[in-house]
Amino acid sequence: MKVISITPRGYCKGVSKAIKAVKDAVNDNSIIKPIHVLGYIVHNRHVIDELSNLGVITHDDSQKSRLELIDDIESGTVVLSAHGTDPLVKQKLKEKGLACIDATCEDVEKTFKLISDYASKGYYIIYIGKVNHPEANAAISLVKDISLVEKSDDIPNEITKPIFVTNQTTFSLTEIGSIIETVIQRYPNTLISEEICNATRMRQQAIIDANKDVDLCYIVGDPRSNNTRNLAIISDTITKTKTRLIENVGGIDDRDLKNVETVSVSSGASTPDYLTKEVIQFLKNYNDGK
Ligand code: SF4
C-alpha cells in the first residue's frame, strides 16, 4: 500500500498564533491568571485538552453566546480565538474589568474591515459563511445591513442598496463559486471580494491535486472544525475518493483498508501535526505488515 502524505496540511499561521498566545499568557507572570478562552481557541479537542492541562479554562456552551459566556468569568485574562469576536464582547470584558488578549487571525480581521468599510459607504453586505460558526457570528455582528448566506437559497430578495459580497475565510472553494454566481444573476452590479484565506485555499487544492489515483483518503481533524469538514467534502465529492474524517489514529477502521493500494492523508488547519503523523506511520506500518 502506497501512502501519500499530502502537503500543505495542518496548522495555519492563525491557529499557530492563537495557540502561542494562550501558552505565552500561561507562562507570563505579568498576565493575570487564570487564563480563560471564550469558545474553542481552535476547533480541536486535543488542543483544548492540552491547554486545560496547563490550567487554561475554556468556556463553551452551544446554548450561550460568547457575550453570555462572560457572565461565568469573574477574574483573570480572557483570550479571544482566531475566529474573531463581536465588538460587544470586548466592551463587556472591559466593563467587567477583565484583561483581554485578542488572537484574531489577520486574514479574518481583513474580511471584518472590508465589511465595516463597505457598510459605512452605504452597501448592503452579503456574507457567505456557515450558520453558527464563530467567525460568521462575529462577522454578522459588525454591521446592521448584512445577511448570512450559507447556500444560494439564503440570498435575500429585493435588496435596494448596492451590494458587497464577502465570505468566511474557511469556506469551501468549490461551494462558493455557485453562490456568488447566483448573487450576480440576481444583482448584476454586485461588488465581490472573495476572501478564502491562502491556508484554506492551498489545503483544499492540495487534496484535489493529490487524489488522482487514490483508493482512500483520510482527513485528520475534529468534526467541529469547518475547514476540516470542507477538506473531507472536497475529497469525497470533488475528487470522488472514498474519504474518512478521523480525529486520530484510533479512528482507522481496518475494514476500510481492504484492497486499498494507495491511501492519502491530510488534516485540517486546527489539527496538531503529531496526530496526522501517527496516522501516516500506522498506515506505513500496516503496509509493511502485509
Ligand atoms: S484558516 Fe485562514 S483565516 Fe482561519 S486562522 Fe487559519 S490562516 Fe487564519
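Throughout, read-outs are computed from the coordinates displayed, never taken from laboratory work. Computed from a prediction, not measured in an experiment: that's the story for all the values here. When we count neighbours, we look across all protein chains shown, and the Cβ atoms used for this are built from the backbone with ideal geometry, even at glycine.
Data overview
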{"quantity": "Relative contact order computed over the chain (Cα-Cα under 8 Å; 6+ residues apart), in percent", "calculated": "22 percent"}
{"quantity": "Span-rule helices in the chain, defined as complete DSSP H runs reaching 30 Å or more along the axis (Cα) with Kyte mean at least 0.0", "calculated": "none"}
{"quantity": "Taking ASP256, ASP61 and counting other C-beta atoms within 10 Å, the order from fewest to most", "calculated": "ASP61, ASP256"}
{"quantity": "Proxy reagent accessibility, fewest Cβ within 10 Å first, across TYR118, TYR218", "calculated": "TYR118, TYR218"}
{"quantity": "Using distinct alpha-carbon pairs, which all enter the 1/r mean, Kirkwood radius of the chain in Å", "calculated": "20.3 Å"}
{"quantity": "Extension gain, THR237 back to ASP209 (0.36 nm per residue minus Cα-Cα distance, nm)", "calculated": "8.7 nm"}
{"quantity": "Taking N as its residue count, the alpha carbon Rg of the stretch 13-105 over 2.2 N^0.38 Å", "calculated": "0.97"}
{"quantity": "The stretch 107-192: projected area of the alpha-carbon convex hull, averaged over directions, in nm²", "calculated": "5.0 nm²"}
{"quantity": "Charged-residue dipole, Cβ positions (Lys, Arg, Asp, Glu), the stretch 107-192 about Cα centre, Debye nearest 20", "calculated": "240 debye"}
{"quantity": "Label-zone membership for the stretch 105-137, site SER16, 7 angstrom Cα→C-beta point, backbone N under 20 Å", "calculated": "105-110"}
{"quantity": "Most to least packed among 203-215, 141-153 [average Cβ atoms within 10 Å]", "calculated": "203-215, 141-153"}
{"quantity": "Net charge dipole size for the chain [Lys, Arg +1 and Asp, Glu -1 on Cβ; Debye, nearest 20]", "calculated": "380 debye"}
{"quantity": "Cβ charges +1 (Lys, Arg) and -1 (Asp, Glu), total dipole of the stretch 13-105, debye", "calculated": "320 debye"}
{"quantity": "Ranking of ASP71, ASP60 by count of other Cβ atoms within 10 Å, fewest first", "calculated": "ASP71, ASP60"}
{"quantity": "The stretch 221-290, relative contact order [Cα under 8 Å, separation at least 6], %", "calculated": "37 percent"}
{"quantity": "Modelled FRET efficiency - R0 45 Å, GLU50 with SER120, Cβ distances, 0.05 increments", "calculated": "0.65"}
